[in-house]
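In what follows, a single structure is set out as structure tokens and then discussed.
No value in this document is a laboratory result; all are computed from the given coordinates. Note that this is a predicted model, so its numbers are computed, not measured. Glycine also receives a Cβ, built like all others from the backbone with ideal geometry; neighbour counts cover every protein chain displayed.
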């Protein structure tokens, strides 16, 4: 039986793979659980169209991420925070604070995409922004006392 997987199935394949399985496994397990559908001519055409549209969307997202990465690489932001006399800050600088500082400069970056080590002292640090699967931008974060 030839089927199209609608989700990842362990030891069988990934979503949108066309695989051949035994009739009983497909009819009694995969199809009733919604893990697969029959690979008819119509379903194969729909699959090809879905893959084509998904590739178009992914390419557009990749181009947008590359443009943002070109703008952000080497950018510098300043985060003001309360600090003690020894240069140790109260709390830590988070991705949210960095995202807000970037927003003030005109960059709209999601705080969850900012990867930064623990910043607990005043100084200059580097933060990575994951814009797409394999596209990242590095920015300089300067932490100063208020």
What fraction of the DSSP beta bridges in the chain is antiparallel, stated in percent and rounded to the nearest 5?
75 percent
Inter-part distance where segment 5-41 and segment 73-146 are each reduced to a Cα centre, Å
46 Å
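When the Kirkwood radius is taken over all Cα pairs of segment 1-124, what Stokes-Einstein diffusion coefficient follows at 37 °C and 0.692 mPa s, in µm²/s?
On the way: Rh = 19.1 Å.
D, rounded to a whole number, is 172 µm²/s.
How high is the FRET efficiency from residue 60 to residue 104, r the C-beta distance, R0 25 Å, rounded to 0.05?
Values: r = 28 Å, r/R0 = 1.10.
It comes out at approximately 0.35.
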GNM on the chain, Cα springs under 10 Å; top mean-square fluctuation among 74, 34, 123 goes to 34
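Could you calculate the contour length gain from residue 20 to residue 67, that is, 0.36 nm times the residue separation minus the distance between their Cα atoms, to one decimal place in nm? The partial results should precede the final answer.
Working: separation 47, 0.36 × 47 = 16.92 nm, distance 4.19 nm.
Between residue 20 and residue 67, full extension yields 12.7 nm more.
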Separation of the residue 47 and residue 115 label points, Cα + 7 Å toward Cβ, nm:
3.4 nm
If all Cα-Cα distances of segment 51-140 are sorted into 5 Å bins from 0 onward, what percent lands in each bin, rounded to whole numbers?
3, 13, 23, 21, 15, 10, 7, 4, 2, 1, 1, 0
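For segment 2-50, take the alpha-carbon Rg, divide it by the Kirkwood Rh, and send me Rg/Rh. Walk me through the numbers on the way to the answer.
Numbers: Rg = 9.9 Å, Rh = 10.6 Å.
We get a ratio of 0.94 for segment 2-50.
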Over the chain, with a Gaussian network built from C-alpha contacts below 10 Å, which listed residue (20, 93, 109) shows the highest mean-square fluctuation?
20
List residues of segment 112-146, by number, whose backbone nitrogen lies under 18 Å from a label position 7 Å along Cα→C-beta of residue 76.
122-128, 138-146
GNM result for the chain, Cα springs below 10 Å: residue of 31, 119, 89 fluctuating most strongly:
31
For labels at residue 7 and residue 140 in the simple 7 Å Cα→Cβ model, what's the distance in nm?
4.8 nm
